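The values are calculated or read from the model by the stated rules, or taken from the named source; none is laboratory data. Predicted model only: the values in this text are computed from it and were never measured. For neighbour counting, all protein chains shown are included, and Cβ atoms are generated from backbone atoms with ideal geometry for every residue, glycine included.
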Amino acid sequence: MPRNKGLTLVEILLAAAILVTAFTGILSFNAQYLKSLESTRNFSVAVNAALERLEKIKARTNPSDETLKIDFDQLTQYNNSEFDIYAADNTTVLPNFKGISYVQAAMTQPITMYRVKVLVWWTEVDGKTIGSKTASPVSLQTTIMNMG
């Protein structure tokens, strides 16, 4: 007796179920990858913004342009000072990022150094806020000494 060369309905449904399961796994992995990629990018932006803020504060005590110079004792103007984070073009504010700097005098008399701490926090696309004004995964510190 000759065998029918077509596929049965059961075989087609089984093949479709296998394909759907495979594609679901691939799409799920892809979504996790994209979320991880966004988190990594955001962390990188936050670290760069914190470094820029530290450098800006340090540069104000010994700038190449004397019109920007401030007295060492005026560094405290950056204490508890929130700042915006800009995109690479330095004109576009990134609304999901925020930063704050803290400047505290070291316990020496006269004051010869300040401790500067910068924190940056952000909101992910899914609405989850990473960090805050008091605790953040991006928290950089330095000490600025009065050399004059």
Inset, instruction - Please enumerate the residues belonging to the stretch 133-148 that are loosely packed, with under 14 Cβ neighbours inside 10 Å and either without any contact (Cβ under 8 Å) to a residue 12 or more places away in the chain or not polar (S, T, N, Q) (or both). - result: LYS133, ALA135, MET145, MET147, GLY148
Legend entry - Conditions (1) in contact with a helix residue (DSSP H, G or I) (Cβ under 7 Å, 6 or more places away or on another chain); (2) of a type outside the set (D, E, K, R); (3) loosely packed, with under 10 Cβ neighbours inside 10 Å; number of the one not met by ILE57: (3)
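Filter the stretch 94-117 for residues that are within 17 Å of the chain's Cα centre (by Cα) and surrounded by 11 or more Cβ atoms within 10 Å (Cβ to Cβ) and give the result.
LEU94, ASN96, PHE97, LYS98, GLY99, ILE100, SER101, LYS117
Take the stretch 14-42 and flag every residue that is free of Cβ contacts under 8 Å to residues at least 60 places away in the same chain and either hydroxyl-bearing (Ser, Thr, Tyr) or in contact with a Pro (Cβ under 8 Å, 6 or more places away or on another chain) (or both).
Those that are free of Cβ contacts under 8 Å to residues at least 60 places away in the same chain and either hydroxyl-bearing (Ser, Thr, Tyr) or in contact with a Pro (Cβ under 8 Å, 6 or more places away or on another chain) (or both): THR21, THR24, SER28, TYR33, SER36, THR40.
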Legend entry - Residue check, SER44 closer than 30 Å to LEU94 by Cβ, more than 13 Å from the chain's Cα centre (by Cα) and not basic (Lys, Arg): no
Legend entry - Subset tally (residues that are surrounded by 14 or more Cβ atoms within 10 Å (Cβ to Cβ) and either more than 13 Å from VAL45 (Cα to Cα) or at pLDDT 95 or above (or both)) for the stretch 77-93: 4
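Please verify whether ILE111 is under 20 Å from GLU38 (Cβ atoms) and either modelled with pLDDT of 90 or more or among the hydrophobic types (A, V, I, L, M, F, W, C) (or both), treating the condition exactly as stated.
Numbers: under 20 Å from GLU38 (Cβ atoms): no; either modelled with pLDDT of 90 or more or among the hydrophobic types (A, V, I, L, M, F, W, C) (or both): yes.
Spelling it out, it is not the case that ILE111 is under 20 Å from GLU38 (Cβ atoms) and either modelled with pLDDT of 90 or more or among the hydrophobic types (A, V, I, L, M, F, W, C) (or both).
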Legend entry - Residue count, the stretch 78-108 (criterion: aliphatic (A, V, I, L, M) and outside any loop (DSSP other than H, G, I, E, B)): 4
Inset, instruction - Report yes if some residue within the stretch 63-75 is modelled with pLDDT of 85 or more and basic (Lys, Arg); otherwise report no. - result: no
